1. Any idea how many residues of segment 139-152 are assigned to a loop (DSSP other than H, G, I, E, B) and either surrounded by fewer than 14 Cβ atoms within 10 Å (Cβ to Cβ) or touching a strand residue (DSSP E or B) at 6+ places or on another chain (Cβ under 7 Å) (or both)?
2. For residues in segment 99-114 being assigned to a loop (DSSP other than H, G, I, E, B) and farther than 18 Å from Arg186 by Cα, which is modelled with the lowest pLDDT?
3. I want to confirm something. Restricting to segment 67-87 and keeping residues that are of a type outside the set (A, V, I, L, M) and in contact with a strand residue (DSSP E or B) (Cβ under 8 Å, 6 or more places away or on another chain), which single residue is surrounded by the fewest Cβ atoms within 10 Å (Cβ to Cβ)?
4. Can we say Ala188 is assigned to a loop (DSSP other than H, G, I, E, B) and of a type in the set (Gly, Ala, Ser)?
5. Any residue at all in segment 17-27 that is closer than 18 Å to Asp180 by Cα and not acidic (Asp, Glu)?
6. Select, from Ala122, Ala96, the only residue that is assigned to a loop (DSSP other than H, G, I, E, B) and either in contact with a strand residue (DSSP E or B) (Cβ under 9 Å, 6 or more places away or on another chain) or closer than 13 Å to Asp180 by Cβ (or both).
7. What number of residues within segment 9-60 are under 19 Å from the mean Cα position of the chain (by Cα) and at positive phi?
8. For segment 20-60, what are the residues that are in contact (Cβ under 8 Å) with a residue 24 or more places away in the chain, loosely packed, with under 15 Cβ neighbours inside 10 Å and under 27 Å from Asp211 (Cβ atoms)?
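The values are calculated or read from the model by the stated rules, or taken from the named source; none is laboratory data. Model, not experiment: these values are computed from the prediction. A quick note on method: Cβ atoms are made from the backbone with ideal geometry, for glycine too, and the neighbour counts reach across all protein chains shown.
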Amino acid sequence: MVSPGCISDRDGDGSGADDPTASWRDPGFAQTDDHPVVCVSWRESSDFAAWLGRKTGKPYRLLSESEWEFVARAGTTTTFFWGSKAEDGCAFMNAADRTYKRGQPRDRNVFVDCDDGVVFTAPVGHYPPNPFGLLDVTGNAWEIVADCYEPTLTGIPTDGRARTAEVCNGPVVRGGSFDDYPEDFRLARRQHIGPDMRVGNIGFRVARDLDARERAGRAGVGPAHRRGI
């Protein structure tokens, strides 16, 4: 039985603590239906993708770690998809920045030296898309991917599939969030959580595998759209 609650930061000091009253409906800050869902676990995220597949008759799933990095990089070779300087990122993503520090003055961690205008999660579409047309791949909320965590990428499938294991150490999360700091927005940054852990700055993204007819119809559009992500 999975216990209720979520790791939240209602006290605003940046440390996070188990909050039995927190949930995806109330992660400790105000949200609307336009915001990314947080306070959901890897198992719950996977279950949602499976439910969505049954509901629509389409094969939805979590992205693999390789797919996530491919679409997050979006053809770029710099540290961040917008360039090499974290402080240029506030025009493109939601981070722990000056706005966050004003809203959470007790959090003494390092922050991005720019101003993105949002304290907690931002509504989807608040920032421009990356070069592949995807929104909020960097920042806003960490994204759970399908892979079982290993400390390095050695042995990760080379065909884009997720890495699985008989005994899984829990999932990988990528992308950084609204209360994270410059190093967490590097496109190569990886973090690890437990399979049932819920955190107020972690959500997920789903992908759908396109059938042959759909792939043919999208032959003239960008790679992310061809993959249905």
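1. Qualifying residue count for the region: 4.
2. Residue satisfying both the conditions and the ranking: Arg108.
3. Glu69
4. For Ala188, the condition - assigned to a loop (DSSP other than H, G, I, E, B) and of a type in the set (Gly, Ala, Ser) - is met.
5. Scanning segment 17-27, I find at least one residue that is closer than 18 Å to Asp180 by Cα and not acidic (Asp, Glu), so the answer is yes.
6. Answer to the selection: Ala96.
7. Qualifying residue count, segment 9-60: 4.
8. If the condition is that a residue be in contact (Cβ under 8 Å) with a residue 24 or more places away in the chain, loosely packed, with under 15 Cβ neighbours inside 10 Å and under 27 Å from Asp211 (Cβ atoms), then Lys58 is the only one that fits.
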